[in-house]
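Below: the structure, in structure tokens.
Readers should treat all values here as calculations from the given coordinates under stated rules, not as data from a laboratory. Just so you know, these numbers come straight off a predicted model, no measurement behind them. Every residue, glycine among them, receives a Cβ derived from its backbone with ideal geometry; neighbour counts consider all protein chains shown.
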Amino acid sequence: MRVQSITKTVVDLERSKRFYEDVLGFEPDAFYEPTRWQSYKMLGETFFAVGEPPGSTDETAFFVPDVESLWEWVKDKAEVVEPLAMMPWGSYKFVIRDPDGHLLAFVQGESAGE
């Protein structure tokens with residue numbers, strides 16, 4: 001398992017984009033208008049993103065080699081926020097909440113590493 005992405009919820013996407021792009025020099029990558037979500041290029045396959053609620057939430061996502069098996073293992077042991085499903089942008093994932101309320105997403109990934 002390895003980190004796929006970290007998304008941070010922001011109050012004002014345009015203000016946050018100016019900060020990350022103009023102040024920190026982050027290079028924009030994909031933008032998804034329906035959820036007001038902007039990703040940024042990072043080294044490797046990991047990415048960082050910001051987005052406005054309700055479409056975007058603070059979430060850490062992990063690539064896993066077999067998301068279906070992990071889903072079967074955890075679905076009755078953790079609070080499920082989003083059940084396993086294919087997302088409109090092509091990710092096969094589920095989201096749970098850890099005991100402290102943090103959102104953890106698990107995404108099918110060929111290069112998940114072990």
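For the chain, what proportion of DSSP beta bridges, expressed in % and rounded to the nearest 5, is antiparallel?
Values: 22 of 33 bridges.
In the chain, DSSP labels about 65 percent of beta bridges as antiparallel.
Lysines near residue 77 by alpha-carbon distance under 20 Å, same-chain residues fewer than 8 away left out - which ones?
93
Below 8 Å, C-alpha to C-alpha, sequence gap of six or more: please give me the relative contact order for segment 2-108 in percent. The partial results should precede the final answer.
Details: 207 pairs, mean separation 27.8, N = 107.
Rounded, it is 26 percent for segment 2-108.
How about segment 1-61: which GluC sites (Glu not before Pro) there lie in a loop by DSSP and see at most 12 other Cβ atoms within 10 Å?
On the way: sites: 14, 21, 45, 59; in loops: 45.
Answer in residue order: 45.
Taking segment 60-96, which chymotrypsin sites (Phe, Trp or Tyr not before Pro) meet the DSSP loop condition and have no more than 12 other C-beta atoms within 10 Å?
Numbers: sites: 62, 63, 71, 73, 89, 92, 94; in loops: 89.
Here the sparse-neighbourhood loop sites are 89.
Would you mind counting up the charge near residue 19? Only other residues with Cβ under 12 Å from its Cβ, with Lys and Arg at +1 and Asp and Glu at -1. Please list the in-between numbers first.
Values: positive: 8, 15, 17, 18; negative: 12, 14, 21, 22.
Net charge around residue 19: 0.
Write down Rg/Rh for the chain, rounded to two decimals, with Rg from the C-alpha atoms and Rh from the Kirkwood relation over Cα pairs.
On the way: Rg = 14.5 Å, Rh = 14.7 Å.
Ratio of gyration radius to Kirkwood radius for the chain: 0.98.
Straight-line reach from residue 8: which aspartates and glutamates have Cα under 12 Å away, leaving out those fewer than 8 places along the same chain?
Partners within reach: 52, 58, 59.
List residues of segment 1-40, by number, whose backbone nitrogen lies under 16 Å from a label position 7 Å along Cα→C-beta of residue 89.
Counting backbone N atoms under 16 Å from the label point, the list is 4-10, 13-14, 17, 27-40.
Using Cα pairs under 8 angstrom and six or more residues apart, how large is the relative contact order of segment 42-105, in percent?
On the way: 63 pairs, mean separation 18.7, N = 64.
Here the relative contact order equals 29 percent.
Kindly provide the helix-only [θ] at 222 nm of the chain, computed as the sum of -39,500 (n - 2.57) over DSSP H runs of four or more divided by all residues, to the nearest 500 deg cm²/dmol?
Numbers: 2 runs with 14 residues, N = 114.
Rounded to the nearest 500, the figure is -3000 deg cm²/dmol.
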